Amino acid sequence: MTELTTTVLRKSKGRTLEDGDRLLVHYQGKLLNGEQFDASFDFSSFEAEEGRTAFEFVLGEGEVIQGWDQGLKGQRLGGVVELKIPAELAYGEQAMGEAIPPNSPLIFTVEVRAVIPAGETVPIYLDFKDIGIKPKKLGLTEELLAMVEFSK
């Protein structure tokens, strides 16, 4: 793998992500052979990993590997993307502990749960409407929706 590829797994109409935005994401990282090396969320069972929380970082500030900064820029709040990252945009010739050998391309599934736009302090959360879910058609009452809103 020599190029970064981004595949949208769940479309969203949420806010477009820009450099300087603080993101809150769930992710799952795997080697090319499918072996998982890290995760905050299991996208196959739709369950959070025990003892893990969503991951927070500032986009475009070098707080994460280059493949994340490049692959998530321009994506949308609420979207789920698969990033196939060549070794040069991951950890390169460095091994990362026992889990990631040197020169390893990586595959991440990433869900953007919330964003604090650059220069602001109030987070914007994933909205059902952004991903095409109509709560009333699902039988979700205003009371239930308020509980979801409150839990953010």
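General remarks:
- Total residues in the range 102-120, condition touching a residue at least 24 places away in the same chain (Cβ under 8 Å) and out of contact with any helix residue (DSSP H, G or I) (no Cβ under 9 Å at 6 or more places or on another chain): 10
- Residue ranges of strands (runs of 3 or more DSSP E) in the range 8-111 with at least 2 members buried (at least 20 other Cβ atoms within 10 Å of the Cβ): 22-31, 80-85
- Cβ-Cβ distances below 7 Å connect the following pairs, each with a first residue in the range 80-92 that is over 18 Å from His26 (Cα atoms) and of a type outside the set (S, T, N, Q), a second residue that is assigned to a loop (DSSP other than H, G, I, E, B) and at pLDDT below 95, and a separation of six or more residues or different chains: Pro86/Met1; Pro86/Thr2.
The values are calculated or read from the model by the stated rules, or taken from the named source; none is laboratory data. Predicted model only: the values in this text are computed from it and were never measured. Neighbour counts are summed over all protein chains in view; Cβ atoms, including those assigned to glycine, are modelled from backbone coordinates with ideal geometry.
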